[in-house]
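> Okay, handing you the structure first.
The values are calculated or read from the model by the stated rules, or taken from the named source; none is laboratory data. Since we're looking at a predicted model, the values are computed, not measured. Ideal geometry is used to build each Cβ from the backbone, glycine not excepted, and the neighbour counts take in all protein chains shown. Ligands, DNA and RNA are excluded from the accessible area calculation, which covers all protein heavy atoms including side chains. Shrake-Rupley method; radii C 1.70, N 1.55, O 1.52, S 1.80 Å.
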Amino acid sequence: MGILRVYLALCVIASHTTYFLPWQMHYGNQAVQIFYIISGFYMAIVLSSPRYSTLRDFYTSRLLRIYPAYWIVLLVTILFCLCTGLAFHQWHLLKAYANNPWAHNGTMGIILASFSNITLLGQDWVMFLSHDLGHSLHFTENFKTDAFPLWGYLLVPQCWSVGVELTFYAF
């Protein structure tokens, strides 16, 4: 099961970078869907194993595997972006926050994205939401072409899939 999940993760990496793995693999969107199917199956096996005596043990284990690593990556990202921003005026992932965010986006959208950055909850929703100034929070027609995308406030945007995983755990 682990080898298949590694293969699927490599498929996603290969779909994002053409030079990393030059051979033909599954498309990234297929790999993500297959990964979630296998993870659901694997979760059912794990929950029925004697490893976790209670549901609370399972959730504690999951949270301890996800959050410390995520918060370290988040902190390093913030520090890197602050250093490059202060030294070279290249804010990278902090650009949306540094360039007067309230001139383009509504407060609730920025609060939602910031909350998502800290908790990982709802990052998958932030990817598909827009909150232009003067408009209500709404789904965007195309998150890639939105004028002021809400996902621009995500500091580790790749973690949208972890938001899906957390929703998966909730079910």
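> So which of 13, 38, 34, 66 ends up being in contact with a His (Cβ under 8 Å, 6 or more places away or on another chain) and surrounded by 12 or more Cβ atoms within 10 Å (Cβ to Cβ)?
Working: 13 fails: in contact with a His (Cβ under 8 Å, 6 or more places away or on another chain); 38 fails: in contact with a His (Cβ under 8 Å, 6 or more places away or on another chain); 66 fails: in contact with a His (Cβ under 8 Å, 6 or more places away or on another chain).
Testing whether each residue is in contact with a His (Cβ under 8 Å, 6 or more places away or on another chain) and surrounded by 12 or more Cβ atoms within 10 Å (Cβ to Cβ) leaves just 34.
> Let me ask something additional. Would you check if there is a residue in the range 64-78 being in contact (Cβ under 8 Å) with a residue 12 or more places away in the chain, of a type in the set (D, E, K, R) and out of contact with any Lys or Arg (no Cβ under 8 Å at 6 or more places or on another chain)?
Here is the first cut: in the range 64-78, the ones in contact (Cβ under 8 Å) with a residue 12 or more places away in the chain are 66-67, 70, 73-74, 77-78.
Applying the additional criterion that residues be of a type in the set (D, E, K, R) yields none.
Checked against the condition, which is being in contact (Cβ under 8 Å) with a residue 12 or more places away in the chain, of a type in the set (D, E, K, R) and out of contact with any Lys or Arg (no Cβ under 8 Å at 6 or more places or on another chain), the range 64-78 yields no hits at all.
> Out of all the residues in the range 113-152, which are among the acidic types (Asp, Glu) and free of Cβ contacts under 8 Å to residues at least 40 places away in the same chain?
Filtering the range 113-152 down to residues among the acidic types (Asp, Glu) leaves 124, 132, 141, 146.
If the condition is that a residue be among the acidic types (Asp, Glu) and free of Cβ contacts under 8 Å to residues at least 40 places away in the same chain, then 132, 141, 146 are the ones that fit.
> Could you tell me whether residue 58 is farther than 24 Å from residue 7 by Cβ, open to solvent by less than 60 Å² (accessible area, probe 1.4 Å) and more than 19 Å from the chain's Cα centre (by Cα)?
Working: farther than 24 Å from residue 7 by Cβ: yes; open to solvent by less than 60 Å² (accessible area, probe 1.4 Å): yes; more than 19 Å from the chain's Cα centre (by Cα): yes.
Yes.
> Sort out which residues of the range 85-112 are without any contact (Cβ under 8 Å) to a residue 40 or more places away in the chain and either open to solvent by less than 20 Å² (accessible area, probe 1.4 Å) or touching a Ser or Thr at 6+ places or on another chain (Cβ under 8 Å) (or both), and write them in order of number.
If we filter the range 85-112 for residues that are without any contact (Cβ under 8 Å) to a residue 40 or more places away in the chain, which is where we start, we get 85-92, 98-100, 102-103, 106-108, 111-112.
Matches in the range 85-112: 85, 90, 91, 92, 106.
> Anything in the range 158-171 that is assigned to a helix (DSSP H, G or I) and more than 16 Å from the chain's Cα centre (by Cα)? List them, or say none.
Residue satisfying the conditions is 170 alone.
> In addition: Do we find that residue 141 is among the acidic types (Asp, Glu), surrounded by fewer than 16 Cβ atoms within 10 Å (Cβ to Cβ) and over 16 Å from residue 94 (Cα atoms) in this structure?
On the way: among the acidic types (Asp, Glu): yes; surrounded by fewer than 16 Cβ atoms within 10 Å (Cβ to Cβ): yes; over 16 Å from residue 94 (Cα atoms): yes.
When the stated conditions are applied, residue 141 passes them.
> Give the range 65-95 a look and list any residue that's of a type in the set (A, V, I, L, M) and more than 17 Å from the chain's Cα centre (by Cα), or say none. Before the answer, list the steps.
Initially, the range 65-95 is screened for residues of a type in the set (A, V, I, L, M), giving 66, 69, 72-76, 78-79, 82, 86-87, 93-94.
Listed by number, the residues that qualify are 79, 82, 86, 87.
> I would also like to ask the following. Output the number of residues of the range 36-58 satisfying the condition of being at pLDDT 85 or above and under 18 Å from residue 161 (Cα atoms).
Of the residues in that region, 2 qualify.
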